[in-house]
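Contents: one structure, followed by commentary.
None of the figures in this text is laboratory data; all of them are computed from the coordinates on show. All values reported here derive from a predicted model rather than from experimental measurement. Here Cβ is always computed from backbone atoms with ideal geometry, including for glycine, and neighbour counts include all displayed protein chains.
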Amino acid sequence: METLYITHPACHLHEMGTWHPESPHRLDAINDQLLASGLESYLHPQQARSATRDDVLRVHTPEHLNYLHANLPQQGHFSVDPDTLMNPYTLDAAYHAAGAGLDAVDALLQEGERRQAFCAVRPPGHHATRDRAMGFCFFNNIAIAAAYALEKYALKRVLIIDFDVHHGNGTEDIFADDERVLMCSFFQHPFFPGSYQQPQPKNMVNIPVEAYCKADHVLERFETLCIPRIAAFQPELVFFSAGFDAHSEDDMGQLSLLEADYAALTRMVMQTCASSAHGRVISMLEGGYDLSSLGRSVVAHIRAMSGV
């Protein structure tokens, strides 16, 4: 069975300056590696729909949405913060990035023709809180998709795995103490966004790891702390907030994961959720800024996710 591969041309048009690491070249690098690996023939491509205002408002405040629209530039850039900028195409890209997750949910839960989906979209989303854009993120794509699945399909248990090098503070802000959602993540700490706090919400399993922590230690801690919680939770649908900037070649962080580690983590989660989620998993691109390691890691992740 082919894995759904969802993207949209609008995601190439959002850019924050030639100096910025979160660039359209990231999607090109992924596509190049998919072609080189031969994996493209196992993927079913689909253009993402645009999410609606109501879709976004499931997880964001009207004030947040209105602020972004009011400040969308007609030319040049508007700085939400020093690292997070809008150009004239940013919101079109953001609506399509969020829409990719909605398409994936429908494909897996309504149409039933697919079991896995990878959303190659940008801007990323996991730092966007209910009322704030930050950390390259405007809408929280994974949260919008999860909230849609919970509401439209009346799911009772949704799992979110975030393996970006940065803490997914926005996703935690949105789903903290929501018993329908279990979120498990590891991230470098102390590090941006500096949001890790104790005590953590009961439905969050956060694993802060120090800079230069070895990959086998990271995976061991994930297996020890997260896998028992996931097994007990029995999720009906799995989401990956798939950031690949914990790779050893990525200068954005100081962790040391390799492609094989992303594959091992993916298989670990898939095996744990096999009976409850029936293989239904949606992965949405977050970070990953070294172009070569990003593309290779996405290939490894999709292979492990789809069993190819």
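Summarising the amide proton neighbourhood of Ser283: residues at separation of 5 or more, or on other chains, whose placed amide H is nearer than 5 Å comprise Ala117, Phe118, Cys119, Phe240.
Any cysteines in the chain with zero other Cys Cβ atoms under 4.7 Å from their Cβ? List them, or say none. So, Cys11, Cys119, Cys137, Cys213, Cys273.
Taking every DSSP beta bridge that has both ends in the chain, the antiparallel portion is near 15%.
Along the positive direction of the dipole of segment 3-306 (beta-carbon charges: Lys, Arg +1; Asp, Glu -1; about the Cα centre), which of Leu72, Ala29, Leu237 reaches farthest? Result: Leu237.
For segment 120-263, the antiparallel share of DSSP beta bridges with both residues in that region comes to about 10%.
Each helix, a run of at least 4 DSSP H residues, gives -39500 (n - 2.57); summed and divided by the residues of the chain, these come to -11500 deg cm²/dmol at 222 nm. Normalising the Debye intensity of segment 3-306 to I(0), with uniform scatterers on Cα atoms only, and taking log10 at q = 0.07, 0.08, 0.14 Å⁻¹ returns -0.22, -0.29, -0.99. By the beta-carbon count within 10 Å of each Cβ, the least crowded to most crowded order of Phe163, Phe192, fewest first, is Phe192, Phe163. Quick check: the distance between the Cα centres of segment 47-102 and segment 160-238, to the nearest angstrom? Taking the Cα centre of segment 160-238 as reference, the centre of segment 47-102 is 26 Å away. Each peptide in 73-80, 264-271, 4-11 gets a packing score, the mean of other Cβ atoms within 10 Å over its residues, and the list from highest to lowest is 4-11, 264-271, 73-80.
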